[in-house]
Amino acid sequence: MRFWRQTLLIARNEWGYALRSRRALAVLTLYVAVAALTMNGLLSALLRLERELGELLRLSAAPAPGSVVDALWNSVRFRQLVAGAVGSESLAAELVGVSPVALAFAGLAFFYTPLLVALLAPARVAEELGRGTLRFIAIRAPLLAWTLGKFLGQVLLIGAGLGFSALTAWAVAVYRLPGADSAAIGAGLVSWTLRVWLYAAAFAGLTMGAAHLTKSPSRAILVAVLALIAVAVAAWGGGQLAESGWQGWRTLGPLLRAITPQAYRADLWRRSAAHLAPAAAALGSLALCYLLAGYALRRRRDL
């Protein structure tokens, strides 16, 4: 119990530092700004598509912005096109009824959140290693408690950032799409934000584990970005090997891909617990494995 109390105390102190240094405000501002810009650009494209559809269908009266997009999404023909695009009729069927705006937000968030995590989270680990403050913490708490506490604090901060970004995206959507179902958009954004948070937690473990290798914040960010590139290449290479002609490579491919967060992203798009629960467990396990690998390497070095 003492170990976990120490871990939670370090996580709380991480939040306290973020608030005192205004780091939390900077993180939230960055998440909100990215969400506002990407959602605004996306809605501009949707409204342009809606106008073109109105002209094509020769609508006599212009409907409220957003109503044509919702009607199009609920049409059978369009769902068939979506099934062909995602390569899975079952996945397309599970997405029926979900706000297209929320889905678009999720697609953007899955893309940019790992990079934001790599730019923000690893520096906190390297800062304390570089300043030598960890030596004083190690007197009262083990290194493992410090590592887990820092991770927990950053994951909660990422969750707050994603929550505010979802709220911002919802506000932009309600303002620009008065004809759309704002309640459905809000519910969809909440659901997809939680899924992106699970995905981001795996990258937080990866980048913060990598940050244990250096005492320089700038180098920690560089190492974190290189780690992102490495797992992206591993995920792509695993897929290519799985489709190769040699049996040995076909066996190695899925194993290589399984140790990357990208392998479980498709399951996060599903709505059934049979897909979501294993994906969440796998992403949590990957986050801890990445983080503890960095901890094990740092443990062998001088603090």
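Things worth noting here:
- Global form of region 161-252, assessed from the alpha-carbon gyration tensor, a/c cut-off 1.5: oblate
- Where a label projected 7 Å from the Cα of LEU255 along Cα→Cβ would reach, residues of region 261-303 with amide N under 16 Å: none
- Computed from the Cβ-Cβ distance with R0 of 51 Å, the FRET efficiency linking ALA36 to ILE139 stands at 0.70.
- With the simple spin-label model, which puts each label point 7 Å out from Cα in the Cβ direction, the ALA293 to ARG131 separation comes to 2.9 nm.
- Nearest-0.05 FRET efficiency for SER191 and TYR112, computed from C-beta distance (R0 25 Å): 0.85
- Region 179-303: C-alpha gyration tensor shape, a/c 1.5 cut-off, then a/b vs b/c: oblate
- Theoretical FRET efficiency, 1/(1+(r/R0)^6), r = Cβ-Cβ of LEU19 and SER272, R0 45 Å, to 0.05: 0.70
- GLU94-ALA183 pseudo-label distance in nm [points 7 Å out on the Cα-to-Cβ vector]: 2.6 nm
- Magnitude of the charge dipole, region 121-275, Cβ model with Lys/Arg +1 and Asp/Glu -1, debye to 20: 300 debye
- Burial ranking of peptide ranges 17-29, 162-174 (average Cβ count within 10 Å, highest at the top): 162-174, 17-29
We did not get these values from a lab; they are worked out from the coordinates using the rules stated. Note that the structure is predicted; figures quoted are calculated from it, not measured. Here Cβ is always computed from backbone atoms with ideal geometry, including for glycine, and neighbour counts include all displayed protein chains.
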